[in-house]
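J.: Below you will find the structure I want to go over with you.
Derivation of every value follows stated rules applied to the coordinates shown; laboratory data play no part. In this text, all values refer to a predicted model and were calculated from it rather than measured experimentally. Methodologically, a virtual Cβ is constructed for each residue, glycine included, from the backbone with ideal geometry; neighbour enumeration extends over all protein chains shown.
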Amino acid sequence: MYQQTVNEKDWKMFRAKLPGWQEAYMERLNREYVALLTGVGDASDRFWALEKRIREDKKSVGVVAEMSRSKMYQNLLGLLADGVITPDDLEGFTDELREKLAFVTRNRA
């Protein structure tokens, strides 16, 4: 992917919002984990299903993100793709950034 210039306003807003987005996402994951652990089936199957799920979820930008300007755009795309945020969560970011993200996500579908 080509190098993008990051608008200062967008960068500051991203840095401010990311921790809240991640916290909300991990809260959702925790509820899903509880449901998995308290579901039906053998305890060992539920345990290993949880272990696999956590291993996969740890790769999500909603759990861990590389905080650099050069990764902001990819991080936002990852957050959208993983369902951590919706386009409505981008309110306040520049129109240019929101349009670029909307274009990419539309074309991925």
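J.: Using only alpha-carbon positions, what ratio does the radius of gyration of the chain give when scaled by 2.2 N^0.38 Å?
T.: 1.25
J.: If the elastic network links every pair of Cα atoms under 10 Å, which of Lys17, Lys71, Lys52 fluctuates the most in the Gaussian network model of the chain?
T.: Lys52
J.: Next question, about the same structure. Find the relative contact order for the chain and round it to a whole percent, using C-alpha pairs within less than 8 Å whose residues are 6+ positions apart.
T.: This gives 32 percent for the chain.
J.: Lys59 versus Glu99, label points 7 Å from Cα toward the beta carbon: distance in nm?
T.: Reported label-point gap for Lys59 and Glu99 is 3.4 nm.
J.: So if R0 is 30 Å, what FRET efficiency would Glu66 and Leu36 give, r being the distance between their Cβ atoms, rounded to the nearest 0.05?
T.: 0.60
J.: Roughly how big is the chain's charge dipole about its Cα centre, with Cβ charges of +1 (Lys, Arg) and -1 (Asp, Glu), in debye to the nearest 20?
T.: Taking the Cα centre of the chain as origin, the dipole is about 260 debye.
J.: Mean residue ellipticity at 222 nm from the helices of the chain, using -39,500 (n - 2.57) per DSSP H segment of n ≥ 4 over the full residue count, to the nearest 500 deg cm²/dmol?
T.: Rounded to the nearest 500, it is -22500 deg cm²/dmol.
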